[in-house]
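Read the structure below first, then the notes.
Derivation of every value follows stated rules applied to the coordinates shown; laboratory data play no part. What you see is a predicted model; the values in this text were computed from it and never measured. Counting neighbours? That spans all protein chains shown, and the Cβs are built from the backbone with ideal geometry, glycine included.
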Amino acid sequence: MCSPEERRDVVNEIFKRIKSRLDELDEIRHQLLTDQRDLLSSCRKAMNFIHSGNVSEAKKIVTEVRKRIQKVKHISSDAEMFCLISNILRPVKQELVEVEVLLSIIECQKVPSPEDLGVDVISYTLGLADVIGELRREVLIAIGKNNLSLARQFLEWMRLLFEEISQLTYPDSLIPIRHKTDVGRSLLDRTLSEFLFYKRSSFLLK
């Protein structure tokens with residue numbers, strides 16, 4: 001049987017390795033959080049470019065974000081590192097999905113799949129749910145330009161995405177989609193009401 005000193009030495013050695021590993025993970029975590037902030041800022045810039053009609057600039061930013069995500073992924077050397085990177089990058093992936101899907105809708109292209117974008121289904125689905133809010137902005141922009149035909153197209157996309165997302169009845173522990181579904185329903189109802197009001201007002205002014 002080991003002596004108290006030997007047992008203490010064993011435990012000390014275990015915790016020395018644990019601390020070394022946690023120090024390594026913490027250092028990477030700090031760097032990843034910096035990357036996360038920069039990438040989220042880039043995605044938001046891309047979204048603003050889309051809403052202002054500057055799609056080419058948005059695409060340049062998207063290309064750069066994709067490259068940086070791949071570069072970060074390559075430091076994943078084991079399961080612990082992979083989980084850390086995945087968790088920190090998830091908000092970035094969600095925003096990238098938002099931008100890429102909205103771009104595809106505006107340009108009348110095929111909506112990219114999770115595989116096309118190289119993201120997991122949870123990040124993809126959460127990002128897709130947020131597209132509803134961005135489509136609302138496009139509806140209002142189109143209404144402001146008196147382009148009811150375009151506004152109606154974006155409104156139909158809002159309806160389609162909401163109908164699909166509302167069928168995902170999974171627990172929040174798997175995918176926190178319920179709140180986004182409730183928000184999507186509210187946005188869709190408000191946007192439809194505003195669209196019909198403007199359409200009716202335009203008709204009466206003729």
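Looking only at helices (runs of 4 or more DSSP H) that fall completely inside segment 47-136, which ones have 1 or more residues that are out of contact with any Pro (no Cβ under 7 Å at 6 or more places or on another chain) and farther than 22 Å from Ile165 by Cα?
Numbers: elements: 55-73, 79-106, 114-117.
In segment 47-136, 55-73, 79-106 are the helices (runs of 4 or more DSSP H) which contain 1 or more residues that are out of contact with any Pro (no Cβ under 7 Å at 6 or more places or on another chain) and farther than 22 Å from Ile165 by Cα.
Given (1) touching a helix residue (DSSP H, G or I) at 6+ places or on another chain (Cβ under 9 Å); (2) surrounded by fewer than 16 Cβ atoms within 10 Å (Cβ to Cβ), identify the lone condition not met by Glu156.
All conditions pass for Glu156, except number (1).
Per-residue answers, yes or no, for (1) over 22 Å from Leu135 (Cα atoms); (2) of a type outside the set (A, V, I, L, M):
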| residue | (1), (2) |
| --- | --- |
| Ile61 | no, no |
| Lys67 | yes, yes |
| Lys73 | yes, yes |
| Ala79 | yes, no |
| Ile85 | yes, no |
| Arg90 | no, yes |
| Leu96 | no, no |
| Cys108 | no, yes |
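Mind listing whichever residues of segment 121-153 are of a type in the set (Ser, Thr, Tyr) and surrounded by fewer than 19 Cβ atoms within 10 Å (Cβ to Cβ)?
Listed by number, the list holds a single entry, Ser149.
This table checks each residue for (1) surrounded by fewer than 13 Cβ atoms within 10 Å (Cβ to Cβ); (2) among the hydrophobic types (A, V, I, L, M, F, W, C); (3) closer than 30 Å to Val139 by Cα; (4) over 30 Å from the mean Cα position of the chain (by Cα).
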{"site": "Glu6", "(1), (2), (3), (4)": "yes, no, no, yes"}
{"site": "Glu13", "(1), (2), (3), (4)": "yes, no, no, yes"}
{"site": "Arg29", "(1), (2), (3), (4)": "no, no, no, no"}
{"site": "Leu32", "(1), (2), (3), (4)": "no, yes, no, no"}
{"site": "Cys43", "(1), (2), (3), (4)": "no, yes, yes, no"}
